[in-house]
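The block underneath contains the structure these notes are about, expressed in structure tokens.
The values are calculated or read from the model by the stated rules, or taken from the named source; none is laboratory data. All values derive from a computational prediction rather than experimental measurement. Positions of Cβ are backbone-derived with ideal geometry, glycine not excepted, and every protein chain shown enters the neighbour counts. To get the accessible areas, we keep the full protein, side chains included, count just its heavy atoms, and leave off ligands, DNA and RNA. Shrake-Rupley method; radii C 1.70, N 1.55, O 1.52, S 1.80 Å.
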Amino acid sequence: MTEKEFVLGECCPRIDVFVSEKTGLTRSAVKKLAERGLLFLNGKEVKAGQAGKAGDEVKIVLPDPEPIEAEPENIPLEIVYEDGDFAIVNKPQGMTVHAGAGNTKGTLVNALLYNLGALSSINGKIRPGIVHRLDKDTSGLLVVAKNDAAHLSLSKQIAEKSCKREYYALLEGVVKEDGGHILTQIGRDPNNRLKMAVLPAGKGRRAETDFFVEERFHQNTFVRFELKTGRTHQIRVHAKYLSHPVVGDKLYGYRTQRFRLEGQLLHAFRLTLTHPGTGERMSFTAPLPDYFENVLTTLRKERKE
């Protein structure tokens, strides 16, 4: 178990709010720990919703994480390409790539273990085969390593930027430039631990994205993005940085959305890499999902009217 201790300052909110801000835990997670007798105020067990006063000592005890080992599940999976070294899969929107806290079933890894069998072991039993990730509500192509040698080769290609990853996105508003290069520092948002943000120079990690306007509509822009680095939520954060967030993005997008969508209109449509065994340069594509195409069709009709 790990203990974390804090001292309340002049502003003394509810204990669950204070601990959430200090640790990045959700308030519901803090409440569950309090119910287990693992939250203390001045050495005494306390309920999550209680308030304190300046100078009070707050302690929360974090249990050691339970070991997670992914199990095969018979989940349909679109395999675009497969050989003895790697596979290319088209991940649907709404599927989490690998298990995490409170989410051990129905992930891409569970499906991979059933559909592919052998996977690389470099990332352990939780993330076997996973070379790079897509957000839960981002659809599109992922490369999966089937052995450790292939994994190392593919990871190196991503690190050296020789693996080309291209995305389509529909953005809010009309982007004036025909294209551009975005270079920022991205790190955890200091005001919301669930989000990433563009940070001042010297903080966060270098993040580079190229963008190219494909089509403009009355109130939206269809854009192609090319990742140069692979930071968490990178395209979504850079789209917001341009003041044109991705349509349907519940975390970084507009509060009021025009279209009824399950997630952001962001799709990894093309993946180009060098075969880890043969050295052959290979490129794979995945068409836009129907829900994405339907929105574009609606916007094109409006533009003609």
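Pick from the stretch 102-129 the residues that are of a type in the set (Val, Ile, Thr) and open to solvent by less than 10 Å² (accessible area, probe 1.4 Å): which of them is nearest to the chain's Cα centre (by Cα)?
Going through the qualifying residues, I end up with THR107.
Look at the stretch 24-48 and say how many of its residues are open to solvent by less than 40 Å² (accessible area, probe 1.4 Å) and either in contact with a Cys (Cβ under 8 Å, 6 or more places away or on another chain) or not hydrophobic (A, V, I, L, M, F, W, C) (or both).
2
So which of LEU142, LEU154 ends up being crowded, with 18+ Cβ neighbours inside 10 Å and in a strand (DSSP E or B)? Steps first, answer last, please.
Details: LEU154 fails: in a strand (DSSP E or B).
Being crowded, with 18+ Cβ neighbours inside 10 Å and in a strand (DSSP E or B) holds for just one of LEU142, LEU154, which is LEU142.
How many residues does the stretch 186-241 contain that are open to solvent by less than 20 Å² (accessible area, probe 1.4 Å), polar (S, T, N, Q) and at pLDDT 95 or above?
Within the stretch 186-241, residues that are open to solvent by less than 20 Å² (accessible area, probe 1.4 Å), polar (S, T, N, Q) and at pLDDT 95 or above number 4.
Could you grab me the full set of residues in the stretch 49-92 that are open to solvent by 80 Å² or more (accessible area, probe 1.4 Å) and more than 30 Å from LEU113 (Cα to Cα)? Break it down stepwise before answering.
Here is the first cut: in the stretch 49-92, the residues open to solvent by 80 Å² or more (accessible area, probe 1.4 Å) are 50, 53, 57, 64-67, 69, 71, 74, 76, 78, 82.
Within the stretch 49-92, GLN50, LYS53, GLU57 meet the criteria.
Would you check if there is a residue in the stretch 127-134 being among the charged types (D, E, K, R), touching a residue at least 24 places away in the same chain (Cβ under 8 Å) and in a loop (DSSP other than H, G, I, E, B)? Don't jump to the end; show me each part of the working.
So in the stretch 127-134, the residues among the charged types (D, E, K, R) come out as 127, 133.
Then keep just the ones that are touching a residue at least 24 places away in the same chain (Cβ under 8 Å); that gives 127, 133.
Narrowing further to those that are in a loop (DSSP other than H, G, I, E, B): 127, 133.
Within the stretch 127-134, one or more residues are among the charged types (D, E, K, R), touching a residue at least 24 places away in the same chain (Cβ under 8 Å) and in a loop (DSSP other than H, G, I, E, B).
Name the single residue that is farthest from HIS267 (Cα to Cα) among those in the stretch 200-236 being hydrophobic (A, V, I, L, M, F, W, C) and touching a Ser or Thr at 6+ places or on another chain (Cβ under 8 Å). Please lay out each step first, then the result.
Taking the stretch 200-236 and keeping what is hydrophobic (A, V, I, L, M, F, W, C), we get 201, 207, 211-213, 217, 222-223, 225, 227, 235.
Going one step further and asking which of them are touching a Ser or Thr at 6+ places or on another chain (Cβ under 8 Å), we end up with 207, 213, 225, 227, 235.
Values: ALA207: 19, VAL213: 15, PHE225: 10, LEU227: 13, ILE235: 11 Å.
The extreme case among them is ALA207.
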